[in-house]
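Enquirer: Below is a structure I'd like to ask you about.
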Amino acid sequence: MAAPILVYVDQSEGKPVPASWEALAAGRYLAGELGQSEVGAVLLGAASDELAAEALAYGADSVLRVTSADLKDYRPEPFADALSAAVREASPQVLLLPDTTRTRELAGMVAADLDTGLIPDVTALAVSEGRVLATRPIYAGKLLATVTVPSRSPQIITLRSRAFAALEREGARSGTITELEPEIRQASTEVVGTRESERGVTLSDAAIIVSGGRGVANNPTLEPPADISDEKEREIWRAHQGFELVRQLAEALGAAVGASRAAVDAGYIPYAHQVGQTGKVVSPDLYVACGISGAIQHLAGMRTSKNIVAINSDPDAPIFKLARFGVVGDLYEVLPPLTEALRERLGR
Ligand code: FAD
């Protein structure tokens, strides 16, 4: 099965990562610009017929599938072997992957296996004189670099979540499904069990994120219960009250809850919520930063948000330079009436 554009559908336990459908839409765009007609999808592991049908419905013309038992759980070696084999089979000009923790590792290994170039975390694509040009933020998002792989094939590109819009699902689309049985290395690790670390944290896919920073703990008028005497515990108790306000606003907006590293390091909220250079990189339609100063490492993770709203008591906080709307004020005073007004307006 030859396909000039090949798209890897990332999934966990048979559930596709929504950004995979965004990658298929980007693949269709590239195919159009390159004057090609065929976009193929690759499914590895728990790749049911339903998942293959979904890939076709979201824009693939054909599916390459490897369902070896060695691919039951994600481990880099067998997945890299299987994906490299699929790429050899389809010999595409471009391999697109949604940018996830798994695919960052996988794309690097496949690029090494195939001795070709990889462009990670891409936010825009263009074609000029038959070459694919990929734009990616660098220096914590301060610059946008346009990169290409001039002389090797395929060009491997991972796409930042929510940078591209998925196509409308067309259930009636159909296409061929080809099974591959490549030789696969034994993995050096075994997954003995998995559990969800915390429910409700889907920052990368969220259209709206409300985040809290160190400022959530700053309400000296809040008096912790008398049995909490340790100063650190009193701080965390206050932070939990502040994060409760952040959560209520998030609930009213149907948003995910994010946090700065200062809030995570101080123990106010688990790491799964961290946005930034050493946390999640997000691009929601709306990002509300509450009590976050706007350090460059935080901005690196949310700079590409479409609309940024900042609530901060310091009018000189750097976050206001990036924000489209800013409220200078104490989050303890601003958030409750804002949440109330939104609940009324949105009927939640
Ligand atoms: P602060 O900078 O302390 O800001 C708190 C803000 O809250 C202030 O602006 C203050 O005016 C405001 N405030 C206080 N009280 C209130 C109130 N009651 N109402 C409203 N506003 C209030 N940071 C990240 O976020 N993500 C990362 O991934 C990350 N990675 C890093 C990697 C490295 C290598 C390094 C060195 C740092 C990294 N950091 C990261 C840390 C970063 O430099 C900042 O220290 C951090 O972002 C600050 O978090 P903050 O804005 O919550 O806290």
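The values are calculated or read from the model by the stated rules, or taken from the named source; none is laboratory data. None of the values given here were measured: they were computed from a predicted structure. Glycine gets a Cβ as well: all are built from the backbone with ideal geometry, and neighbour counts include every protein chain shown. Surface areas here come from the heavy atoms of the whole protein model, side chains and all, with no ligands, DNA or RNA. Shrake-Rupley method; radii C 1.70, N 1.55, O 1.52, S 1.80 Å.
Enquirer: Do any GluC sites (Glu not before Pro) in region 1-62 lie in a loop, going by DSSP, with at most 15 other beta-carbon atoms within 10 Å of their beta carbon, and if so which?
Expert: Within region 1-62, the qualifying GluC sites (Glu not before Pro) (loop, at most 15 other Cβ atoms within 10 Å) are Glu13.
Enquirer: Among Ala86, Trp237, Val282, which residue has its Cα furthest toward the positive end of the charge dipole of the chain, with +1 on Lys/Arg Cβ and -1 on Asp/Glu Cβ?
Expert: After comparing all options, I get Val282.
Enquirer: Calculate, in nm to one decimal, what Ala2 and Glu168 gain on full extension: separation in residues at 0.36 nm each, minus their alpha carbon distance.
Expert: Here the answer is 57.3 nm.
Enquirer: Want the number for Glu244 to Glu196: 0.36 nm per residue separation, take away the alpha-carbon distance, what's left?
Expert: 15.1 nm
Enquirer: Can you check what the net charge comes to around Pro98, using other residues whose Cβ is under 15 Å from the Cβ of Pro98 (Lys, Arg +1; Asp, Glu -1)?
Expert: Values: positive: Lys15, Arg28, Arg102, Arg104, Arg136, Arg160, Arg162, Lys280; negative: Asp10, Glu22, Glu54, Asp99, Glu105, Asp121, Asp205.
Every neighbour counted, the sum reads +1.
Enquirer: How much of the accessible area of region 158-230, probe 1.4 Å, is carbon plus sulfur, in whole percent?
Expert: The C+S portion of the solvent-accessible surface of region 158-230 is 47 percent.
Enquirer: Next question, about the same structure. Obtain the nm distance between the two label points defined at Asp285 and Leu144 by a simple spin-label model: each point lies 7 Å from its Cα along the Cα-to-C-beta direction.
Expert: Rounded to a tenth, the inter-label distance reads 2.1 nm.
Enquirer: Continuing with this model, one more query. Determine, for each peptide in 25-32, 78-85, the mean count of other beta carbons within 10 angstrom over its residues, then list the peptides with the highest first.
Expert: Numbers: 25-32: 21.8, 78-85: 24.0.
My ranking of the peptides, most packed first, is 78-85, 25-32.
Enquirer: In whole percent, how big is the carbon plus sulfur part of the accessible area of region 1-123, probe 1.4 Å, protein atoms only?
Expert: Answer for region 1-123: carbon and sulfur cover 47 percent of the accessible area.
Enquirer: For a paramagnetic label modelled at 7 Å from the Cα of Thr221 toward its Cβ, which residues of region 319-348 fall within the zone defined by backbone nitrogen distances under 12 Å?
Expert: Answer for this model: 330-334.
Enquirer: Further, regarding this structure: Taking only pairs that are 8 or more places apart or on different chains, how many Lys pairs in the chain have Cα atoms under 25 angstrom apart?
Expert: On the way: Lys15/Lys72; Lys15/Lys280; Lys142/Lys280; Lys142/Lys306; Lys142/Lys321; Lys280/Lys306; Lys280/Lys321; Lys306/Lys321.
The number of close lysine pairs in the chain is 8.
Enquirer: At 222 nm, what helix-only mean residue ellipticity would the chain give, in deg cm²/dmol to the nearest 500, using -39500 (n - 2.57) for each DSSP H run of four or more? All intermediate terms of the calculation are to be shown ahead of the outcome.
Expert: Numbers: 9 runs with 107 residues, N = 348.
Computed ellipticity for the chain at 222 nm equals -9500 deg cm²/dmol.
Enquirer: How large are Rg and Dmax for the chain when only the alpha carbon atoms are used, in Å?
Expert: Rg, Dmax (Cα atoms, Å): 22.4, 71.
Enquirer: Would you mind pulling out the separation of the Cα centroids of region 53-96 and region 209-246, in Å?
Expert: When both Cα centres are located, 47 Å separates them.
Enquirer: What would the Debye formula give as log10 I(q)/I(0) at q = 0.14, 0.15, 0.18 Å⁻¹ for the alpha-carbon point model of region 198-348, no solvent?
Expert: Log10 of I(q)/I(0), two decimals: -0.61, -0.71, -1.02.
Enquirer: How many angstrom lie between the C-alpha centres of region 141-192 and region 254-317?
Expert: With region 141-192 and region 254-317 each reduced to a Cα centre, they are spaced 28 Å.
Enquirer: Counting only heavy atoms of the protein chains, get the accessible area per residue of the chain (1.4 Å probe) and round it to a whole Å² value.
Expert: For the chain, the solvent-accessible area averages 48 Å² per residue.
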